[in-house]
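Enquirer: Encoded as structure tokens, here's the structure I'll be asking about.
Just so you know, all these numbers are worked out from the coordinates, no wet-lab data involved. In this text, all values refer to a predicted model and were calculated from it rather than measured experimentally. Glycine gets a Cβ as well: all are built from the backbone with ideal geometry, and neighbour counts include every protein chain shown.
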Amino acid sequence: MAVRERTETKLLDAADELLFTHGVAATPVDAILARAGVSPATLYRAYGSKDGLVAAALDRRHRVWLEVWDAAVARAADDRARLLAVLDALDAFRARPDGARWCAFLGTAAEHADPVPAVAAALGRETDALRARLTELAVPVAGERAALLAEELMLVVTGELGMRLRGGSPPGVARAVAAVLVDRPPTPSR
């Protein structure tokens, strides 16, 4: 790994740890620089600003999340299990050493009513990917109601993440709610 790449990795590691544990607004750039052991010039050369670093840290976390989700989908035995694997992936991601108390994307969105373009784009990529992947996984299970089912499951996923911040819901509740939605027979209005 080149020196520049190692330095950027140290910055991203420090940003991920501090920003997504303490919050973006509550984490000064100096704390990130001290944790990473790099100079301000390094941060600004690589990312342009704190907001650029936040966006890069979100993008990296998103890539890792997708890898964890892909692994959960690959382990699933059938279409229904592949769709519900998002909940297995949430548990697996949280169990990682770099898994935060809750969702870096929800936390960052909650802190930024009007995020700068780079942060808004990173948040949008995560939301779009969640919606698209859930819709794709829902097609074999739900057919033409796949998009609606994906939206419903997005609410379950984000609700589960929100409850983790508040101490969590009893084990299996989110999965049970998701299973009811997945197994619900289609009705003329849906």
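Enquirer: Measure out, as a whole number of angstrom, how far apart the alpha-carbon centroids of the stretch 139-172 and the stretch 33-57 sit.
Expert: After rounding, the separation between the Cα centres reads 34 Å.
Enquirer: Continuing with this model, one more query. What is the sum of charges around Arg35, taking Lys and Arg as +1, Asp and Glu as -1, for the other residues whose C-beta is under 9 Å from the C-beta of Arg35?
Expert: -1
Enquirer: Sticking with this one: Residue by residue through the stretch 9-14, what is 3J(HN,Hα) from phi via Karplus (6.51 cos²θ - 1.76 cosθ + 1.60, θ = phi - 60°)? Round to whole Hz and write x for glycine and proline.
Expert: Residue by residue, the stretch 9-14 yields 5, 4, 4, 5, 4, 5 Hz.
Enquirer: Something else: What net charge is computed for the residues neighbouring Arg60, neighbours being all others with C-beta under 14 Å from the C-beta of Arg60, Lys and Arg scored +1, Asp and Glu -1?
Expert: Values: positive: Lys10, Arg61, Arg63, Arg96, Arg125; negative: Glu5, Glu8, Asp13, Asp16, Glu17, Asp59, Glu67, Asp98, Glu126.
Taking every other residue near Arg60 into account, the sum is -4.
Enquirer: Right, next: Relative to the present Cα-Cα distance, how much length would full extension add between Ala46 and Thr127 at 0.36 nm per residue of separation? Please list the in-between numbers first.
Expert: Working: separation 81, 0.36 × 81 = 29.16 nm, distance 2.53 nm.
Extra length available between Ala46 and Thr127 comes to 26.6 nm.
Enquirer: Calculate the dipole size of the chain relative to its Cα centre from +1 charges on Lys and Arg beta carbons and -1 charges on Asp and Glu beta carbons; express the result in debye to the nearest 20.
Expert: That gives the chain a dipole magnitude of about 220 debye.
Enquirer: I want to verify a result. In a Gaussian network model of the chain, Cα cutoff 10 Å, which of these has the top mean-square fluctuation: Asp70, Asp114, Asp98?
Expert: Answer for the Gaussian network model of the chain: Asp114.
Enquirer: Specify the residue with the greatest mean-square fluctuation among Ala178, Ala46, Ala15, computed from a Gaussian network of the chain linking alpha-carbon atoms under 10 Å apart.
Expert: Ala46
Enquirer: Run the numbers on the chain and let me know its relative contact order in percent, using alpha-carbon pairs under 8 Å that are six or more apart.
Expert: It comes to 19 percent, rounded to a whole number.
Enquirer: What are the trypsin sites (Lys or Arg not before Pro) within the stretch 137-188 that DSSP puts in a loop, where the Cβ has at most 10 other Cβ atoms within 10 Å?
Expert: Loop-located and lightly packed - Arg166.
Enquirer: For the stretch 1-108, which trypsin sites (Lys or Arg not before Pro) are both in a DSSP coil and crowded by at most 12 other Cβ atoms within 10 Å?
Expert: Arg101
Enquirer: I need to check one value: relative contact order of the stretch 75-164, counting alpha carbon pairs closer than 8 Å and at least 6 residues apart, in percent.
Expert: Over the stretch 75-164, the number comes to 33 percent.
Enquirer: Once fully extended, how much extra length lies between Leu106 and Thr158, figured as 0.36 nm per residue of separation less the alpha-carbon to alpha-carbon distance?
Expert: Residue separation times 0.36 nm, minus the Cα-Cα distance, leaves 17.9 nm.
Enquirer: If you put +1 on each Lys and Arg Cβ and -1 on each Asp and Glu Cβ, how big is the dipole of the stretch 57-129 around its Cα centre, in Debye rounded to 20?
Expert: Magnitude of the dipole: close to 200 debye.
Enquirer: Testing the spin-label approximation: label points 7 Å from Cα along Cα→Cβ at Glu144 and Asp98. State their distance in nm.
Expert: 4.4 nm
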